[in-house]
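S.K.: The structure is given below, and queries will be raised subsequently.
The values are calculated or read from the model by the stated rules, or taken from the named source; none is laboratory data. For clarity, every value in this text was computed on a predicted model and none was experimentally measured. When we count neighbours, we look across all protein chains shown, and the Cβ atoms used for this are built from the backbone with ideal geometry, even at glycine. In case anyone asks, the SASA skips ligands and DNA or RNA and just uses the protein heavy atoms, side chains included. Shrake-Rupley method; radii C 1.70, N 1.55, O 1.52, S 1.80 Å.
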Amino acid sequence: MSLDVAALRAQFPILTQSVDGKPLVYLDNAATTQKPQIVIDALVDFYTTTNANVHRGAHHLSDEATRRYEGARASVANFINATAREEVIWTSGTTEAINIVANGLGQLLAEGDEVLVTELEHHANLVTWQQACRRAGATLNIVPVFDSGELDIEAFDRLLTANTKMVAFPHVSNALGTVNPIKQLTAKAKAVGAWVLVDGAQGIAHGGVDVQDIGCDFYAFSGHKLFGPTGIGVLWGRKSVLKDWPVWQVGGEMIKDVTYHEATWGELPNRLEAGTPNIAGAIGMGAAVAWFQSLDVAALRRHEKALLDYATKLANDFEGLRIIGTAKEKVGVLSFLLEGSHPADVGFILDRQGVAIRTGDNCAQPLMKRFGIPGTARASFSIYNTLEEVDSLFAALKKAKMMLA
Ligand SMILES: Cc1ncc(COP(=O)(O)O)c(C=O)c1O
C-alpha cells in the first residue's frame with residue numbers, strides 16, 4: 001500500500017502557510033514535527049472542557065482529567081510495548097528524561113566506574129553523563145565514528161569493560177541520520193552487566209519501537225518530535241530498575257510519608273514525577289500516539305526512504321555540495337555543506353524561498369569538531385513531505401549557490 005501524502009498533509013493546518021509569498025516547505029522535522037489537527041483539538045478540548053489537576057481532586061473534573069492523563073500513559077505504554085503502564089514516566093522531553101537517569105546514576109557511581117557514550121551524541125546525551133561522571137570521579141569513554149557516521153563497533157567492544165556501569169547511545173543521530181544497531185549494542189552492554197539507555201528522540205517517529213525487543217533499561221523520547229506537543233516527553237524504564245532508581249526531583253506527588261525531617265517515596269510512576277505534571281501535554285501526546293498508530297508504518301517508512309533517496313541523489317549530482325553522514329542505515333536527515341559558504345548563509349537564503357531547514361552545530365559540537373566543520377545545513381524529512389518539496393529545496397539551493405558565489 002502506498003501512502004496518500006495529500007490526505008496526510010491535509011491534517012496539518014500549518015503546512016498550508018506561505019512565507020514571503022512562497023509556499024512553506026518545512027524540512028526541519030528533526031528539530032520538531034508539525035502537529036495534526038487531532039492533536040491540536042485534544043489540547044483545546046482539554047482546556048475547554050476538562051481542565052483540573054490530576055490525582056488529587058475529589059470532584060468530577062479532576063476525575064476526568066486523571067482518566068485522560070492516565071489513559072494517555074497507557075497509550076504510550078502500548079505504543080512502545082512496555083510491560084506495564086507504570087514504566088512510562090512523563091517528563092518535559094528527552095532532555096529531562098536523560099537527566100533523571102543520569103542524576104540517579106550519579107548517586108550510584110563510584111570512583112573507577114565507567115560510562116560509555118558515542119561521538120554521535122546530542123548534547124542532551126553527553127553533558128548529562130559528563131556531569132554524573134565528574135561528580136562521582138568516574139570516567140566517561142567515547143566510542144568513535146567512521147567518516148560515514150557509522151559507529152566503530154570494534155572500538156565499542158574495546159571500550160566496554162567490566163567497569164562500565166552505563167552505556168548510552170542514540171537510536172538515530174540527529175546530526176547525520178545514522179541509525180545505530182541498538183539491539184546489538186544493547187546485547188553487548190548487558191553482557192558486561194551495564195545499564196543501557198537509548199536516546200530515542202530521533203528514533204521514535206520512524207515507528208516500530210519495541211522496548212522489550214531492544215532489551216535496554218531506559219528509552220527516552222519527546223512528544224514534539226512525534227507530532228505531539230512541546231514540553232512533554234517520556235522516560236521509559238524497566239520496572240525492576242525504575243522502582244529503586246535514586247530520585248532526582250522531589251516534592252509533591254512523588255512522596256509516600258512526610259514528616260518535618262524525613263520523607264519516603266511513593267510507588268512508580270509517581271516516585272519519579274514530582275509536582276503538577278504537564279497534563280494537557282500528556283493528553284496531547286496520547287492523541288499523537290493514537291494518530292500515529294492508525295497509520296501504516298511500513299508505508300511511512302517506504303515514503304521516508306523515497307524522500308531520502310531522492311534528496312541524496314540530487315545532492316550527489318549538485319556540484320560543490322558535500323553530504324555529511326553517509327551511513328548505510330539512515331533516516332530522512334540530509335546534513336550538508338555548500339563549498340565556500342557558511343551554513344547560516346545558506347539557511348538564510350533558503351528561508352527567503354520558503355524552505356525551512358536547520359543550520360548550525362545540531363546540538364552536537366564535539367561531533368562537528370570531529371568532522372572539522374563549524375556545523376551543517378540540515379534538511380530533515382517527515383511523512384508529510386513530498387518529492388516536489390525536495391525539488392524546491394534543490395531549486396532554492398541553486399539560488400543560494402549563485403548568490404553566495
Ligand atoms: C538525538 C537527540 N537527543 C536529545 C534531544 C533533546 O530533545 P528535547 O530537546 O526534546 O529534550 C534531541 C533534540 O533534538 C535529539 O535530536
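S.K.: Could you identify the single residue in 91, 139, 49 that is β-branched (Val, Ile, Thr), away from the ligand (no atom under 16 Å from the Cβ), within 23 Å of residue 288 (Cα to Cα) and out of contact with any Phe, Trp or Tyr (no Cβ under 7 Å at 6 or more places or on another chain)?
M.R.: The match here is 49.
S.K.: How about segment 209-236: which of its residues are in a loop (DSSP other than H, G, I, E, B) and more than 11 Å from the chain's Cα centre (by Cα)?
M.R.: Passing the criteria: 209, 210, 215, 216, 217, 227, 228, 229, 230, 231, 232.
S.K.: Within 19 Å of the chain's Cα centre (by Cα) and more than 20 Å from residue 224 (Cα to Cα) - does that describe any residue in segment 314-325?
M.R.: yes
S.K.: Which residues, taken from segment 314-357, are assigned to a strand (DSSP E or B) and open to solvent by less than 60 Å² (accessible area, probe 1.4 Å)?
M.R.: 321, 323, 324, 330, 333, 334, 335, 336, 337, 338, 355, 356
S.K.: I've got another one for you. Within segment 145-161, count every residue that is of a type in the set (Val, Ile, Thr) and open to solvent by less than 20 Å² (accessible area, probe 1.4 Å).
M.R.: Looking only at that region, the number is 1.
S.K.: Moving to a separate point now. Suppose the filter is open to solvent by 10 Å² or more (accessible area, probe 1.4 Å) and assigned to a helix (DSSP H, G or I); does residue 366 pass it?
M.R.: Taking the combined requirement at face value, the residue satisfies it.
S.K.: Kindly indicate which of 175, 162, 97 is of a type outside the set (Lys, Arg) and part of a helix (DSSP H, G or I).
M.R.: Exactly one of 175, 162, 97 is of a type outside the set (Lys, Arg) and part of a helix (DSSP H, G or I), namely 97.
For every residue, the table says whether it meets (1) touching a helix residue (DSSP H, G or I) at 6+ places or on another chain (Cβ under 6 Å); (2) open to solvent by 10 Å² or more (accessible area, probe 1.4 Å).
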site: 34; (1), (2): yes, yes
site: 50; (1), (2): yes, no
site: 63; (1), (2): no, yes
site: 76; (1), (2): yes, no
site: 83; (1), (2): no, yes
site: 87; (1), (2): yes, no
site: 92; (1), (2): no, yes
site: 105; (1), (2): yes, no
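S.K.: Does any residue of segment 244-266 turn out to be surrounded by fewer than 16 Cβ atoms within 10 Å (Cβ to Cβ), basic (Lys, Arg) and not in a loop (DSSP other than H, G, I, E, B)?
M.R.: yes
S.K.: Now a separate question. Just checking, does segment 201-208 include any residue being part of a strand (DSSP E or B), among the hydrophobic types (A, V, I, L, M, F, W, C) and either within 8 Å of the ligand (Cβ to nearest atom) or surrounded by fewer than 24 Cβ atoms within 10 Å (Cβ to Cβ) (or both)?
M.R.: Scanning segment 201-208, I find no residue that is part of a strand (DSSP E or B), among the hydrophobic types (A, V, I, L, M, F, W, C) and either within 8 Å of the ligand (Cβ to nearest atom) or surrounded by fewer than 24 Cβ atoms within 10 Å (Cβ to Cβ) (or both), so the answer is no.
S.K.: Which of (1) within 30 Å of residue 280 (Cβ to Cβ); (2) in contact with a strand residue (DSSP E or B) (Cβ under 8 Å, 6 or more places away or on another chain) is the odd one out, the single condition residue 208 does not satisfy?
M.R.: With respect to (1) within 30 Å of residue 280 (Cβ to Cβ); (2) in contact with a strand residue (DSSP E or B) (Cβ under 8 Å, 6 or more places away or on another chain), residue 208 is out only on (2).
S.K.: Which residue is modelled with the lowest pLDDT, if the candidates are limited to segment 385-405 and must be surrounded by fewer than 24 Cβ atoms within 10 Å (Cβ to Cβ) and in a loop (DSSP other than H, G, I, E, B)?
M.R.: Among them, the one singled out is 405.
S.K.: Now for a different question. Looking only at segment 113-120, decide whether some residue is within 13 Å of the ligand (Cβ to nearest atom) and assigned to a helix (DSSP H, G or I).
M.R.: There is no residue in segment 113-120 that is within 13 Å of the ligand (Cβ to nearest atom) and assigned to a helix (DSSP H, G or I).
S.K.: Being within 12 Å of the ligand (Cβ to nearest atom) and of a type in the set (S, T, N, Q) is the filter here, so list the residues in segment 94-103 that pass it.
M.R.: If the condition is that a residue be within 12 Å of the ligand (Cβ to nearest atom) and of a type in the set (S, T, N, Q), then 94, 95, 99 are the ones that fit.
S.K.: Do we find that residue 278 is away from the ligand (no atom under 16 Å from the Cβ), among the polar types (S, T, N, Q) and open to solvent by 30 Å² or more (accessible area, probe 1.4 Å) in this structure?
M.R.: When the stated conditions are applied, residue 278 does not pass them.
S.K.: In addition: Here is a check on your reading of the model: is residue 57 of a type outside the set (Lys, Arg) and either within 16 Å of the ligand (Cβ to nearest atom) or assigned to a loop (DSSP other than H, G, I, E, B) (or both)?
M.R.: yes
S.K.: What residue, of 168, 220, 189, 175, is open to solvent by less than 10 Å² (accessible area, probe 1.4 Å) and farther than 26 Å from residue 269 by Cβ?
M.R.: 175
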